[in-house]
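One structure is given below, encoded as structure tokens.
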Amino acid sequence: MTAAVDTGEILDQFAAALSAATEELAPLRTPAPDAATELAHSQALMNWLYDGGWTRWGWPEEVGGVGGSPLIRCQILEHLALAGYHIPDHLLVLEVVGPAVVQHAPVLAAEYLPAALRGDELWSQGFSEPEAGSDLAALRTKAVDRGDGTYLVNGQKIWTSYGACADRIVLLARSGALADRHRGLVMLLVDLNAPGVERRPIALASGREELAEVFFADVVVGADRLIGVDGGGWAVAMDLLQYERGTYAWMRMATATAYLQQLLRILAEGPRETTPRSAAAIGRTYLNLAALRARTASTLRQLADHKTVGPETSVDKLLLSTAEQDVLDTAMVQLDAEALLSDSVTAASWRDRWWYSRAASIYGGAREVQYSIVADRILKLPRENTHGR
Amino acid sequence: MDADTQDLLRSSIREMFATEEGDIVDGLRSLGWDDVVAEDPDAAVELLFTEQGAAGKASSALDTVAYVTDKGGTTHPVLHPLGSVSGAKVQAGCLEVDAVLLAKPSAAAVVRADDGRAYLIDENVVTAHASAVGGFDPASRLYRVKLDLDPAATVVVDVDWSHVVAVARRALAAELVGNGNAMLQLATAQISDRHQFGRPIGANQSPRHRLAESYALLGGAAELVRAAGHSGSDLDARTAKAYAGFAVDTTSRSCLQVCGAIGLTTEHVLPGYVKRARILDALYGGWSATAEEIGAELLAAAAVPVGHRL
């Protein structure tokens, strides 16, 4: 894209286009009863957003984008959420892994990202393992370079979002020795329909099957699927986590704000009067969301300027889980018996959201890990040792 | 204001707080502070008040940014409210003032009443009813003005309160952030050095996590102060001040805990910051009450305010 673009103008155009499509997109605004329907909605919305050019902002032309700043895309997604749409599930992974693929594997990105950006493909992210959660560097899935231009992958990933139905996975595996910890890692883009891949959905406590276990048994992956260099997987992973604190956090913020908005509408339609208790809960929730938005906006700006954001993003992550859980806790209390007893799709979706919000302080490095990062690397407090309690 | 100018100003202000015994406003004036504010008010407010917070000292600097200008172009100090946005109530035809001045009264002052109007009160009246504040923070330099008055004995002036209040809240929020970060530094240094059970207190998980949580909240507050400066919106200023109050409340509690008994004594500097923080939070409405007000407004509007564009 050439010259300067007027972000305000684009956002106005998007608002107009979305409002013109209100009827066409109406089915996508209803809560999905299950994960499969939700993914179908997600794909339809991905197609619409891509074909209109909206989600192409901020991606380079080589991968199907139209250039410009990713801040435009982020604000489009925020508007989308506040207009009552579920931000496409496809984007939750793509916005995290996409920029790292563009940066570390431009050729691969040009070949495979366009289909993912349009929503024709669903990508997932394979990091966590049964014995490597917050301690990611302990991962054991092996990728052995066979010297013939292929890797042989063996191992198991867990907690993989959309793992049961995704088309591809951005996989972090070990090409060196386990004792090398974060030094012997490799990042690969792996097809999930490859021979040797098995998957098992995991039902969250709400019953929702969004997560999965993915098993790899002698899966052959071409060396042309390398993201970054062999041995440099950790650097790619760390680069990628910045986007989890940037764009991903922004999308979660937008979604949580939309939830608060929905809650306010439901309460306004109900018979209950405003009590000081509900006002206090709503007010605190809003404050936490506002802080998250301001913080995340600042991180997005730094990422857009190609600055390394580093350990400071642990703050974003902490503010995110607090805000998200606050919104859903407030919603569950305010919706009261209906949220607990009803089997309506709406009530079920609030429960799904509540369970999902519990994960916000676990995935991507648990809350406690974020505290440790801040304590060690920012406050420079004495390290916790084996005697620390 | 470019980064070099900011650094220069910051070190001058820091120096002033470190060396001057009295109110630093005179020093600020000779530094050309009014020009700085005129040139880039948002950056000036954030910089000065963050430093004031870090120094843990009181001054009448707030009067240099939050004041009232009448139709004739004369400026007047504000009788700042505690625990509310209004420093006076109009009841049964009587103006009941209970507010504070940041320095010994030396001029007529304006108070915002709960009817939204601005009453200019004569210097003699203000002086006669002003007393130096001891209270929770004897270092606050505040003067409490408490009086009942016939509104007819005042002059009603036309004031854009939303601007005055928004600037005051941004300044107070910035000062809270500076104050909170100073407390955090003190506590971090202390628990890094002090050993118990054969290891530094700061090597234990619980104090580490408490301080990290405080750091995160203060980080959020600092961003809200900046965002409120950019947008200039009343709600953003209110949000920034309330969130900063909440962040500093948490920080104060954590720091007092991890510093142990010495942190509760006159031998430690921490209590000075704790006292100051409570005054700052109360000015123009405490965080808890403000959060409830904002919540009630959201419930009434059945909508979340739209965030400003980036």
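The criterion of at least 1 residues that are crowded, with 24+ Cβ neighbours inside 10 Å and at the interface with chain A (Cβ under 7 Å from one of its Cβ atoms) is met by the following helices (runs of 4 or more DSSP H) wholly inside segment B:222-310: B:234-259, B:287-301.
Report, ordered by the first and then the second residue, all pairs with beta carbons closer than 6 Å, sequence separation of six or more or different chains, a first member in segment B:189-205 that is within 12 Å of A:Lys380 (Cβ to Cβ) and touching a residue at least 12 places away in the same chain (Cβ under 8 Å), and a second member that is open to solvent by less than 40 Å² (accessible area, probe 1.4 Å) and not aliphatic (A, V, I, L, M). Qualifying pairs under 6 Å: B:Ile191/B:Gly202; B:Ile191/B:Pro207; B:Gly202/A:Pro382; B:Gly202/B:Ser192.
Scanning segment B:31-46 for residues that are under 17 Å from the mean Cα position of the chain (by Cα) and within 25 Å of B:Pro271 (Cβ to Cβ) turns up nothing.
In summary, B:Asp160 fulfils each of the numbered conditions (1) within 17 Å of the chain's Cα centre (by Cα); (2) closer than 28 Å to B:Thr239 by Cβ; (3) open to solvent by 50 Å² or more (accessible area, probe 1.4 Å) with the single exception of condition (1). If you go through segment A:229-282 and pick out every residue that is of a type in the set (D, E, K, R), within 10 Å of chain B (Cβ to nearest Cβ) and within 20 Å of A:Ala323 (Cα to Cα), you end up with 2.
For the residues A:Glu78, A:Glu61, A:Glu131, the requirement of being modelled with pLDDT of 95 or more and surrounded by fewer than 23 Cβ atoms within 10 Å (Cβ to Cβ) singles out A:Glu61.
Does segment B:137-145 contain any residue that is within 14 Å of chain A (Cβ to nearest Cβ), open to solvent by less than 60 Å² (accessible area, probe 1.4 Å) and under 27 Å from B:His268 (Cβ atoms)? No.
Look at (1) away from every other protein chain (no Cβ under 14 Å); (2) open to solvent by 40 Å² or more (accessible area, probe 1.4 Å) and you find that A:Ser349 fails only one, number (2).
Selection over segment B:4-33 of residues that are outside any helix (DSSP H, G or I) and in contact with a helix residue (DSSP H, G or I) (Cβ under 9 Å, 6 or more places away or on another chain) gives a count of 3. Give segment B:163-182 a look and list any residue that's of a type in the set (S, T, N, Q) and either in contact with a Cys (Cβ under 9 Å, 6 or more places away or on another chain) or open to solvent by 10 Å² or more (accessible area, probe 1.4 Å) (or both), or say none. Once the filter is applied, which keeps residues that are of a type in the set (S, T, N, Q) and either in contact with a Cys (Cβ under 9 Å, 6 or more places away or on another chain) or open to solvent by 10 Å² or more (accessible area, probe 1.4 Å) (or both), segment B:163-182 yields only B:Asn181. For A:Leu289, the criteria (1) touching a residue at least 60 places away in the same chain (Cβ under 8 Å); (2) within 21 Å of B:Ala302 (Cα to Cα); (3) surrounded by 17 or more Cβ atoms within 10 Å (Cβ to Cβ) hold in every case but one, which is (1). Within segment A:186-204, the set of residues being within 21 Å of A:His104 (Cβ to Cβ) and open to solvent by 30 Å² or more (accessible area, probe 1.4 Å) comprises A:Asp191 only. Put simply, of A:Gln302, A:Gln334 the only residue that is part of a helix (DSSP H, G or I), out of contact with any Pro (no Cβ under 7 Å at 6 or more places or on another chain), surrounded by 19 or more Cβ atoms within 10 Å (Cβ to Cβ) and within 14 Å of chain B (Cβ to nearest Cβ) is A:Gln334.
Only one of the listed residues (A:Ile378, A:Ile373) is touching a Pro at 6+ places or on another chain (Cβ under 8 Å), aliphatic (A, V, I, L, M), under 27 Å from A:Pro130 (Cα atoms) and buried (at least 16 other Cβ atoms within 10 Å of the Cβ). That residue is A:Ile373.
A:Asp343: at the interface with another protein chain (Cβ under 9 Å from one of its Cβ atoms) and either closer than 27 Å to A:Ala237 by Cα or free of Cβ contacts under 8 Å to residues at least 40 places away in the same chain (or both), yes or no? Answer is no for this residue.
Filtering segment B:70-81 to residues that are touching a residue at least 40 places away in the same chain (Cβ under 8 Å) and not charged (D, E, K, R) leaves B:His76, B:Val78, B:Leu79, B:His80, B:Pro81. Of everything listed in (1) in contact with a strand residue (DSSP E or B) (Cβ under 9 Å, 6 or more places away or on another chain); (2) open to solvent by 10 Å² or more (accessible area, probe 1.4 Å), the single unmet condition for B:Gln185 is (1).
The values are calculated or read from the model by the stated rules, or taken from the named source; none is laboratory data. This is a predicted model, so every value here is computed, not measured. A quick note on method: Cβ atoms are made from the backbone with ideal geometry, for glycine too, and the neighbour counts reach across all protein chains shown. Just so you know, the surface numbers come from the protein's heavy atoms only, side chains and all, with ligands and any DNA or RNA stripped out. Shrake-Rupley method; radii C 1.70, N 1.55, O 1.52, S 1.80 Å.
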